[in-house]
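> Got a structure for you, questions after.
The values are calculated or read from the model by the stated rules, or taken from the named source; none is laboratory data. Every value quoted in this text rests on a predicted model; they were computed, and no experiment measured them. Note that each Cβ is placed from the backbone with ideal geometry, even for glycine, and that neighbours are counted across all protein chains shown. What goes into the accessible areas is simple: the full protein's heavy atoms, side chains included, and nothing from ligands, DNA or RNA. Shrake-Rupley method; radii C 1.70, N 1.55, O 1.52, S 1.80 Å.
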Amino acid sequence: MEDSTRMMLGLTIGIILMIVLVMKTKIHTFIALLLASLVTGLIGGMPVVDIPGANGEVITGAITAIKDGFGNTLKSTGIIIGLGVMMGGILEVSGAAEQLAFTFIRVIGKRKEEWALAITGWVVSIPVFADSAIVIFAPLVKAMSSVTGISVISLALSLACGLQLTHCMVPPTPGPLTAAGIMGIDVGQMILLGMVVSIPMLIAIVPYCKWIGKRIYQTPKSDGDGYDRREYKAEYIKTMDEVESMMAQKNLPPFALSIAPILIPLVLIFIKTIWDLVGTGEGIVNSIIGLIGEPIVALAVGTVLAIYGLVRKVDNKKVIGIMDTAIKDTGLIMLITGAGGSLGNVIKVSGIGDVLGEAVVGLPIPAILIPFIIAALMRIALGSATVAITTAASLTAPIMASIDVAPILLAMSCCVGAISFSYFNDSGFWVFNGMFGLTELKDQVRCKTAVSLIMASVGVVILLLLQIFIH
């Protein structure tokens, strides 16, 4: 059996094994992901442990790849999740999240909540990493669900779609910025086209988010511990008068103190993003901006602001208890997120991703779809949208001269393809599911996986239409 065939067989068997274990057995998702990672690597040709290669290099074993993938994923998400949920606990218990939700609804009006969150995500994810933004905005989303009666799924999914679109398509986020550099595209043009293409994709997906929210109807429990799920009924949705009456009976903190723990970390991260794009030098200002703009530092600042701005008069032990309660369920989220990273790293180290990409380049398909398919397969294989975009751009760039398609459309095709499939090896998939109480596999697929497929399909149609006008 050829190496490439064996690698593809390993990936197929690993994914099927994981799905069967999760759906048909008592095996936990965390264990199923680890077993799928191990089976994928071993069948794909990886040794069990590291062994010396022919030229003195070390051939990475499946066990090492699993450990490295787990650690590297939590290195970037674990601290953020921990700080975010502690801050969220303070916002929820103090009433700040409800104040934000009420103000948000009063400004935008009823029946527009999903659209408002989708647009918020679309704007915020340009400077802020999408997974970080999901964690930062989770308290607001849950409070809006409690206040309005709208399913937390439709609200959170609308936010996630907006975040995902600009994260994948609009510089200065790493993926599209790297694609522009590899393929020689002006960054300003990339920003403009990324916005133009992503807006119709956002418009197309919000109605689906609203629809699926009624099929998976769940709202936060009154004690803040998990979610109540039931069959959707129109009378569950509160009128504006009901919202006004309910909020008038509560003693909520001021809006400025409520928004500060969320807004200030976003501003700090945004400043660092802009500074990295245009700043120069290695002076003290550069060091300070680099420090305070790191997501873990910015979120730590936000958490401290929440503590001393919202619960400064509350007993110390009670404040610690609030944060302890908020963080108690994050261990499971982190375990599953890390295991998803293990699967992605095994696929990367084993070479399965390279096999997929090289196979597509030679296919007899419309040229504009070549980078799209490469990026889609990379996203399926590796889980990371940024890596998918970078890989697709790297493989497409050498053949650009022989393809009769505008380079900027090829670059955008890489970005649209990277949106196309969010599932088990995507850390964002597990962060979303864990934050908003999705435990059933079919529900998880109907949310994050389905919206990514729909948005990518709309994006392909837009690219094919743009090809008529851009040469």
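> Confirm whether THR386 is surrounded by fewer than 23 Cβ atoms within 10 Å (Cβ to Cβ), of a type outside the set (Phe, Trp, Tyr), under 20 Å from the mean Cα position of the chain (by Cα) and more than 30 Å from ALA143 (Cβ to Cβ). Walk me through it before giving the result.
Numbers: surrounded by fewer than 23 Cβ atoms within 10 Å (Cβ to Cβ): yes; of a type outside the set (Phe, Trp, Tyr): yes; under 20 Å from the mean Cα position of the chain (by Cα): yes; more than 30 Å from ALA143 (Cβ to Cβ): yes.
Here the answer is yes, as THR386 does meet what is asked.
> Going through ALA393, ALA401 one at a time, which residue ends up being part of a helix (DSSP H, G or I), under 24 Å from GLN467 (Cβ atoms) and modelled with pLDDT of 80 or more? Spell out the reasoning first.
On the way: ALA401 fails: modelled with pLDDT of 80 or more.
Going through ALA393, ALA401 in turn, the sole match is ALA393.
> Within the range 146-154, can one find any residue that is open to solvent by 10 Å² or more (accessible area, probe 1.4 Å) and more than 16 Å from the chain's Cα centre (by Cα)?
Looking for residues that are open to solvent by 10 Å² or more (accessible area, probe 1.4 Å) and more than 16 Å from the chain's Cα centre (by Cα), one finds at least one in the range 146-154, hence yes.
> Next question. Pull out all pairs, ordered by first then second residue, where Cβ-Cβ is under 9 Å, the residues are six or more apart or on different chains, the first lies in the range 397-411 and is closer than 10 Å to PRO371 by Cα, and the second is open to solvent by less than 40 Å² (accessible area, probe 1.4 Å) and not hydrophobic (A, V, I, L, M, F, W, C).
Qualifying pairs under 9 Å: LEU410/PRO371; LEU410/THR396; ALA411/PRO176; ALA411/PRO371; ALA411/THR396.
> Which one of these does LYS250 not meet: (1) surrounded by 14 or more Cβ atoms within 10 Å (Cβ to Cβ); (2) of a type outside the set (Gly, Ala, Ser); (3) touching a residue at least 60 places away in the same chain (Cβ under 8 Å)?
With (1) surrounded by 14 or more Cβ atoms within 10 Å (Cβ to Cβ); (2) of a type outside the set (Gly, Ala, Ser); (3) touching a residue at least 60 places away in the same chain (Cβ under 8 Å) applied to LYS250, the lone miss is (1).
> While we're looking at this one, here's another question. Of the residues ILE134, ILE119, ILE90, which single one is under 30 Å from LYS250 (Cα atoms), open to solvent by less than 20 Å² (accessible area, probe 1.4 Å), out of contact with any Phe, Trp or Tyr (no Cβ under 8 Å at 6 or more places or on another chain) and in contact (Cβ under 8 Å) with a residue 40 or more places away in the chain?
The match here is ILE90.
> Regarding the range 271-288, can at least one residue be identified that is in contact (Cβ under 8 Å) with a residue 40 or more places away in the chain, assigned to a helix (DSSP H, G or I) and surrounded by 15 or more Cβ atoms within 10 Å (Cβ to Cβ)?
Checked against the condition, which is being in contact (Cβ under 8 Å) with a residue 40 or more places away in the chain, assigned to a helix (DSSP H, G or I) and surrounded by 15 or more Cβ atoms within 10 Å (Cβ to Cβ), the range 271-288 yields at least one hit.
> On the given criteria, is GLY309 over 30 Å from GLN444 (Cα atoms), open to solvent by less than 30 Å² (accessible area, probe 1.4 Å), at pLDDT 75 or above and small (Gly, Ala, Ser)?
Against the criterion (over 30 Å from GLN444 (Cα atoms), open to solvent by less than 30 Å² (accessible area, probe 1.4 Å), at pLDDT 75 or above and small (Gly, Ala, Ser)), GLY309 qualifies.
> A follow-up question, please. Hey, any hits in the range 73-86 for a residue that's modelled with pLDDT of 75 or more, basic (Lys, Arg) and within 27 Å of ILE307 (Cβ to Cβ)?
Scanning the range 73-86, I find at least one residue that is modelled with pLDDT of 75 or more, basic (Lys, Arg) and within 27 Å of ILE307 (Cβ to Cβ), so the answer is yes.
> Which of the residues that make up the range 289-299 are over 22 Å from LEU91 (Cα atoms) and open to solvent by 60 Å² or more (accessible area, probe 1.4 Å)?
Keep residues of the range 289-299 that are over 22 Å from LEU91 (Cα atoms), which gives 289-291.
Once the filter is applied, which keeps residues that are over 22 Å from LEU91 (Cα atoms) and open to solvent by 60 Å² or more (accessible area, probe 1.4 Å), the range 289-299 yields only LEU291.
> Check off (1) over 30 Å from LYS328 (Cα atoms); (2) among the basic types (Lys, Arg); (3) open to solvent by 70 Å² or more (accessible area, probe 1.4 Å); (4) within 23 Å of the chain's Cα centre (by Cα) for ARG215 and give me the number that stays unchecked.
If we test ARG215 against (1) over 30 Å from LYS328 (Cα atoms); (2) among the basic types (Lys, Arg); (3) open to solvent by 70 Å² or more (accessible area, probe 1.4 Å); (4) within 23 Å of the chain's Cα centre (by Cα), just (1) comes out false.
> For the range 11-23, give me each residue that is modelled with pLDDT of 80 or more and open to solvent by 60 Å² or more (accessible area, probe 1.4 Å).
THR12, ILE13, ILE16, VAL20
> Name, by its number, the condition in (1) of a type outside the set (S, T, N, Q); (2) out of contact with any Asp or Glu (no Cβ under 8 Å at 6 or more places or on another chain); (3) closer than 17 Å to SER258 by Cβ that does not hold for LEU177.
Status for LEU177: all satisfied but (3).
> Still on this structure, I have one more. Being crowded, with 19+ Cβ neighbours inside 10 Å, modelled with pLDDT of 90 or more and part of a helix (DSSP H, G or I): is that true of VAL445 here? Show your work before the answer.
Numbers: crowded, with 19+ Cβ neighbours inside 10 Å: no; modelled with pLDDT of 90 or more: yes; part of a helix (DSSP H, G or I): yes.
In short, no.
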